[in-house]
1. Residue by residue through segment 119-132, which ³J(HN,Hα) values in whole Hz follow from phi under the Karplus form 6.51 cos²θ - 1.76 cosθ + 1.60 (θ = phi - 60°), with glycine and proline marked x?
2. Taking other Cβ within 10 Å of each residue's Cβ, how do GLU191, GLU222 sort, fewest first?
3. With label points built 7 Å along Cα→Cβ from the Cα atoms of TRP90 and TYR157, find their separation and express it in nm.
4. Taking only C-alpha pairs under 8 Å that are 6+ residues apart, what is the relative contact order of segment 36-220 in percent?
5. Between THR26 and ASN189, what length in nm is gained on full extension when 0.36 nm per residue of separation is reduced by their alpha carbon distance?
6. For segment 36-220, state what percent of all Cα-Cα pairs lands in each successive 10 Å bin, counting from 0 Å until the bin that includes the largest distance.
7. Taking neighbour counts of Cβ atoms within 10 Å as a proxy for exposure, in what order, fewest first, do ARG68, ARG161, ARG98, ARG93 appear?
8. Calculate the length of the line joining the C-alpha centroid of segment 20-90 to that of segment 137-162, in whole Å.
Amino acid sequence: MAIKDLIHSRSLKADDSRRTAAAELTLRQSIMPLTLVTLLFVLWGFSYGLLDTLNKHFQTVLGVDRARSSGLQAAYFGAYPLASIGHAAWILRHYGYRAVFIWGLCLYALGALLAISALKARSFGGFCACIFIIGNGLGSLETAANPFITVCGPPRYSEIRINISQAFNGVGTVIAPVLGSYVFFNFSNEEDALAHVQWVYLAIAVAVLLLAVAFFFVQIPEITDAGIYPASYTDKQETQG
């Protein structure tokens, strides 16, 4: 019974009529949710930075020409509109920010796990499909993370919060190619390097799933219509009633 109550208390569906007052959190109170969401900025920065490194090595290992290897970028960025104006937007509207974070992380983990099979099969097309799934996950995260960062916490610090988070996004983008070149692909045999990347994607999948679990159990404030526009939302409800 206790487990059932715990799961019920962690419901992912946000009630727009409930005022959560995320914008009224103090600086200290907002540290935990902002730290978790900022990790997402690092995550998609790292993923993008790793993409160029993988692109270069795929051209060598799989004999893919430069024109065809651009399919990685097409798959990655082509997924963003599908997420931002499609499934992520729908989930954000009907469930809330936490649900989108968990959904995006699960898609990322799924793409990373499937990428292991594609790498083993040396299938460039299959890996592009995996990158498309990862892109949908990251597009979902970005759809929710940017507005969440700007709203959660004292309004006077909203610009500072988004700038700091974007700075960490840049850190992830810089770290990924460095690790890719000097750690992941630091092998004389390109085949060994490709096998090593499979373990990298397994580690990424596990880390991302753990982060999804953290978002499920850690209490982060939802941002609802009533919380942002209390007066206008009340007027709207009275008009509809």
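Every number in this text was worked out from the coordinates using simple rules, so none of it is lab data. These numbers come from a predicted model, not from an experiment. Cβ: placed from backbone, ideal geometry, glycine included. Neighbour counts: every protein chain shown.
1. For segment 119-132, the Karplus curve yields 5, 4, 7, 6, 9, 5, x, x, 5, 4, 5, 5, 5, 5 Hz.
2. Fewest-to-most ranking of GLU191, GLU222: GLU191, GLU222.
3. Those two pseudo-labels are separated by 3.7 nm.
4. Rounded, it is 37 percent for segment 36-220.
5. 53.4 nm
6. P(r) for segment 36-220, in whole percents per bin: 10, 36, 35, 15, 4, 0.
7. Fewest-to-most ranking of ARG68, ARG161, ARG98, ARG93: ARG93, ARG68, ARG161, ARG98.
8. Rounded to whole Å, the Cα centres lie 15 Å apart.
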